[in-house]
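Colleague: What follows is a single structure, and I will ask about it in a moment.
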Amino acid sequence: METYIVRQPILNDKQTVVAYELLYKENCINATPDRQEAWVASAVEELLGKANDENFLDDKIAFVTFTPNLLMKNIPRMFPEKSLVIQIGDDSIVHPVAQKMIYRFKKQGYRIALKDFEFMPRFFGIMDAVDILKVDFRLTDKKVQKTIAQKYKDSKILLAEKIETEEEQKW
């Protein structure tokens, strides 16, 4: 079994790296869900070792995705709140215990990012805990992008995902 840890740069509008999204992948073909969760926990542990290496993050903030199970095990507490953004997805916003953990982490000073945000009712219940909205640029219609930008420009940080070309960045 191999663990792969990747740091993907997050750039601002001036093309300066402001943070890294840390991605972890285990080679876990045909694994049971329980075994996959154990591998994810192992990957997060390895990730922590890498994240604490000052050269790995260049003193930048880390965006890390946590499953409901990892939230409930308090794994984000292994990171200092100033250096971590807790990313959550659909699985966490619909899980009642994970939602409570998100609010607890928010109260402790962690920033919360909502991955793959869509302007849909299932996301609205958790919005008061969310600091950063990550919108998939390629899957979200331009009109919806404008609506999201207008609605949340003063209350949330908006982060566009899947920007691959200069033309897309200029939009």
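Colleague: Six or more apart or on different chains, Cβ atoms under 7 Å: show the pairs whose first residue is in region 98-118 and among the aromatic types (F, W, Y) and whose second is open to solvent by 10 Å² or more (accessible area, probe 1.4 Å).
Modeller: Y110/E81; F117/V135
Colleague: I'd like the residue in region 129-171 that is touching a strand residue (DSSP E or B) at 6+ places or on another chain (Cβ under 6 Å) and open to solvent by 90 Å² or more (accessible area, probe 1.4 Å) and, out of all such residues, is modelled with the highest pLDDT.
Modeller: I157
Colleague: Restricting attention to region 115-128, does a residue exist that is of a type in the set (A, V, I, L, M), at pLDDT 95 or above and out of contact with any Asp or Glu (no Cβ under 6 Å at 6 or more places or on another chain)?
Modeller: No: zero hits.
For every residue, the table says whether it meets (1) modelled with pLDDT under 80; (2) surrounded by fewer than 14 Cβ atoms within 10 Å (Cβ to Cβ); (3) in contact with a His (Cβ under 9 Å, 6 or more places away or on another chain).
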| residue | (1), (2), (3) |
| --- | --- |
| P9 | no, yes, no |
| C28 | yes, no, no |
| P33 | yes, yes, no |
| W39 | yes, no, no |
| D53 | yes, yes, no |
| T65 | no, no, no |
| L71 | no, no, yes |
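Colleague: Also: Report, by residue number, each residue of region 94-116 that is surrounded by 13 or more Cβ atoms within 10 Å (Cβ to Cβ) and in a helix (DSSP H, G or I).
Modeller: Answer for region 94-116, where residues must be surrounded by 13 or more Cβ atoms within 10 Å (Cβ to Cβ) and in a helix (DSSP H, G or I): A98, Q99, M101, I102, Y103, R104, F105, K106.
Colleague: For region 123-157, give me each residue that is assigned to a strand (DSSP E or B) and closer than 19 Å to I102 by Cα.
Modeller: Those that are assigned to a strand (DSSP E or B) and closer than 19 Å to I102 by Cα: I132, L133, K134, I157.
Colleague: Just the residues that are β-branched (V, I, T), modelled with pLDDT of 90 or more and in contact with a helix residue (DSSP H, G or I) (Cβ under 7 Å, 6 or more places away or on another chain), please, taken from region 73-114.
Modeller: Those that are β-branched (V, I, T), modelled with pLDDT of 90 or more and in contact with a helix residue (DSSP H, G or I) (Cβ under 7 Å, 6 or more places away or on another chain): I86, I88, V97, I102, I112.
The values are calculated or read from the model by the stated rules, or taken from the named source; none is laboratory data. Fair warning: this is a prediction, and the values are worked out from it, not measured in the lab. Cβ sites come from the backbone with ideal geometry, for glycine too, and all protein chains shown count toward neighbours. Ligands, DNA and RNA are excluded from the accessible area calculation, which covers all protein heavy atoms including side chains. Shrake-Rupley method; radii C 1.70, N 1.55, O 1.52, S 1.80 Å.
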